[in-house]
Amino acid sequence: MEYPQCLKSNLGYISDIPIMCAVLKHVDGTIQHVLERRQTHKLLGWVLTGPDEDVVLNIPGISKLPPFLAANNLRPFVEKYLQPYPNLTGFFRGSSGQRTRFYDYRLLPITWQIWGYAELSGVLRENQYDMARRCRLLTLEFATEGLRELINSVTGFVDAETIQDRMKLIVLDQPRDWELRFPHDFWLALEKLHGYPHVPGVPPHKHPFGSFLLTYVYSALDDYVVSEIQERSPYTDKDQHRRIHKLHQNLTDEGWAIVKKRLDQIWALVVTSKHFEDFKERFECLNPHAQLRFDFPDSEGRSSLFVVEQLAGMTT
């Protein structure tokens with residue numbers, strides 16, 4: 001059996017429940033956003049009473065149902081609202097090679113809709129109301145596109161259309177003329193931070209600070225943007241520390257505004273740090289793991305924190 005390729009995956013926390021999010025690519029080139037199956041059951045509050053098996057159906061275009069949609073009293077709503085999306089459930093192999101079962105992200109909003117209409121129609125049994133309430137609350141927090149963007153944020157996946165649109169806003173077609181972007185005092189502060197003795201008459205930016213700028217300043221941009229402006233500014237043949245154009249010469253005003261905001265933050269951190277190790281420790285403290293936050297009411301209607309953790313360094 002040929003499994004779809006896992007392009008990106010990462011663990012997010014939703015209502016304190018860890019859920020593996022992934023972006024898959026099938027052999028026909030189709031991109032699919034998915035959530036790990038058992039963890040999705042836990043998010044929905046679904047408790048298995050037997051084997052975790054799909055239920056075989058004879059609905060046109062839909063051959064199997066996940067267990068949380070298999071109840072007989074849900075069948076009219078399943079037949080009306082469940083769309084015959086391909087690969088609503090299946091398997092993929094992650095980076096470790098382990099086989100993982102998944103649900104397509106589009107199944108969740110449909111599930112919430114099915115349970116919601118079933119509740120409104122008064123056909124639910126007493127033991128089904130907790131599941132219906134859970135679906136109702138989740139419906140308030142997410143739309144279909146909201147789930148898709150959540151998975152993109154957690155995994156760091158960016159689709160081709162988004163990249164193309166972003167490039168137009170951030171990267172120039174041709175490099176602009178050089179102008180001073182990094183002030184002399186900034187280079188002096190970097191020189192002092194790294195413990196380089198200042199030599200009068202020797203510009204401080206002669207030191208190899210390129211990797212520092214990429215790591216701490218240009219990292220404000222998306223990785224694909226940084227890769228693009230690096231390709232547009234190759235190193236000269238004679239000096240592998242000097243580029244034909246400065247990276248910032250390839251940025252639009254909007255692109256430079258993003259970098260400039262980060263530059264100001266880093267500059268303030270540089271001048272108040274005792275040495276480079278002190279700077280790195282303080283940088284990590286000021287840049288904890290990013291979080292997406294959602295309000296999720298508890299059983300008494302009070303708002304609690306609904307958190308999806310992302311890897312540090314991801315653009316939010």
Which order do the peptides 25-37, 169-181 come out in when sorted by mean C-beta neighbours inside 10 angstrom, highest first? 25-37, 169-181
Taking Lys25 as the anchor, which lysines have their alpha carbon closer than 17 Å to its alpha carbon, excluding any fewer than eight residues away along the same chain? Lys8
Restricted to pairs 8 or more residues apart or on different chains, the lysines in segment 164-272 with C-alpha atoms under 27 Å apart form a number of pairs equal to 14
For 147-155, 218-226, ranked highest to lowest by mean beta-carbon neighbours within 10 Å, the order is 147-155, 218-226
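Only the coordinates and a few stated rules stand behind these numbers; no lab work does. Given the structure is predicted, the values throughout are model-derived calculations rather than measurements. A quick note on method: Cβ atoms are made from the backbone with ideal geometry, for glycine too, and the neighbour counts reach across all protein chains shown.
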